[in-house]
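Everything on this sheet refers to the single structure shown next.
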Amino acid sequence: MSDGFSFTLEASDGPARLGVIETPRGKIRTPAFMPVGTAGTVKAMPPDNVRATGADIVLGNTYHLMLRPGAERVAALGGLHKFMNWPHAILTDSGGFQVMSLAKLRKLTEEGVAFQSHIDGAPHMLTPERSIEIQCLLGADIQMQLDECPAIPIAHGAARESMLLSVRWAERSRRAFEEKAAPGQALFGIVQGANYDDLRRESLARLLELDFPGYAVGGLAVGEGRAEMFRVLEIVAPEMPAGRPRYLMGVGKPADIVGAVARGMDMFDCVAPTRSGRHGQAWTRRGPINIKNAAFADDPEPLDPSLDCPASRDYSKAYLHHLFRAGEYLGPMLLTWHNLAYYQALMAGMRAAIAAGRFGAFVARFREETGETIL
Ligand SMILES: CNc1nc2cc(C(=O)NN)ccc2[nH]1
């Protein structure tokens, strides 16, 4: 137990792992799915409902929160947990990925990334040190180093330069974290290297020398496709320390997560359940459906009565279809709620299967029910 943050590997079933992360703000059961709470809210969800779906931890985006309402303002108001009324664990990303995908006029140098806010054009500079300062002002229990997540395809030489920059930023992030962090907070390193096996191995080896309490695999789910993502995981995961949590950033759809758990990953975050829910997509045991489809106009059945979630159990598909056709706010709210409950039930099912040594049977049933082949 290192001052309030610890990880315990409880069981394995092949590469799949069952574990618990202890933080000062509670336990995180792994494999874990982290709902994305971008601007200090899991969109359309009151935090008590997020908790009731089974979430132990949510993700906050540093890029969004630093621009609005501002990290210093959140700190002055008691920190992000108090601000968003979420007393459980929070992981914040470094902001790097979103600066590159959302900000205007970005200039990347050894120092960091200079950019203009996509909201009001104001100039900002994100360095490893400033990112840690922001994450500490927010009060995040798990923080991420600033890194560069290169777009693919990328040549080997450029990918190595990018990966080495991220390693240098890992060192700077770690030093800043040691100065600023509170007891019990943890900083994770991020493995980069695009889809080059040698660069992925070199990135991990260099990060292991810095000895982080957890390691993320970044730079995936950026268009490489599921098979290539799994191939990179098969290279990297077996070389990651068994006694530290492994976080696959930005992943994913249910089949991505099941396949990544089967390859040794522990933590996940993705906007899929919340964003797709707002647009009418509901994830079910038999795969996704779009509730706006006319086929559901007269369907009296709920989305999934076996889920202990009002949105999944207490409303007919016909009613949900009507809400979306009528543009009613309740539609996106209920589908978001259901999707998060489905995702948490998927995670709970995998945890139970690994505990019982039945993960292979879980995967086989998931394939059968959803028709997903590549896992
Ligand atoms: C949706 N795909 C996706 N890939 C991601 C990669 C990163 C990353 O490498 N951060 N350092 C972060 C978020 C991501 N989301």
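Restricting to region 146-162, and then to whatever is among the small types (Gly, Ala, Ser) and not in a helix (DSSP H, G or I), can you tell me which residue is farthest from the ligand (Cβ to nearest atom)?
The residue in question is Ala155.
Hey, any hits in region 123-145 for a residue that's within 18 Å of Leu220 (Cβ to Cβ), in the same structural domain as Ala194 (by TED's automatic domain parsing) and under 24 Å from the mean Cα position of the chain (by Cα)?
Yes, some residue in region 123-145 is within 18 Å of Leu220 (Cβ to Cβ), in the same structural domain as Ala194 (by TED's automatic domain parsing) and under 24 Å from the mean Cα position of the chain (by Cα).
Can you give me the number of residues within region 176-223 that are under 30 Å from Ala75 (Cα atoms) and basic (Lys, Arg)?
Qualifying residue count, region 176-223: 1.
Identify, from the list Glu224, Glu228, the residue that is free of Cβ contacts under 8 Å to residues at least 40 places away in the same chain and either in a helix (DSSP H, G or I) or within 12 Å of the ligand (Cβ to nearest atom) (or both).
Glu228
Looking at region 231-252 only, could you name the residues that are in contact with a helix residue (DSSP H, G or I) (Cβ under 8 Å, 6 or more places away or on another chain), more than 10 Å from the ligand (Cβ to nearest atom) and in a loop (DSSP other than H, G, I, E, B)?
Result: Met240, Pro241.
Among the residues that make up region 96-108, is at least one of them over 20 Å from Leu165 (Cα atoms), among the basic types (Lys, Arg) and away from the ligand (no atom under 14 Å from the Cβ)?
Checking region 96-108: at least one residue is over 20 Å from Leu165 (Cα atoms), among the basic types (Lys, Arg) and away from the ligand (no atom under 14 Å from the Cβ).
Considering only residues of region 276-293 that are surrounded by fewer than 21 Cβ atoms within 10 Å (Cβ to Cβ) and touching a residue at least 60 places away in the same chain (Cβ under 8 Å), which is farthest from Thr336 (Cα to Cα)?
The residue in question is Arg286.
Can you name every residue in region 80-96 that is under 22 Å from Gly214 (Cβ atoms) and in a helix (DSSP H, G or I)?
Answer for region 80-96, where residues must be under 22 Å from Gly214 (Cβ atoms) and in a helix (DSSP H, G or I): Leu80, His81, Gly96.
The values are calculated or read from the model by the stated rules, or taken from the named source; none is laboratory data. These numbers come from a predicted model, not from an experiment. Methodologically, a virtual Cβ is constructed for each residue, glycine included, from the backbone with ideal geometry; neighbour enumeration extends over all protein chains shown.
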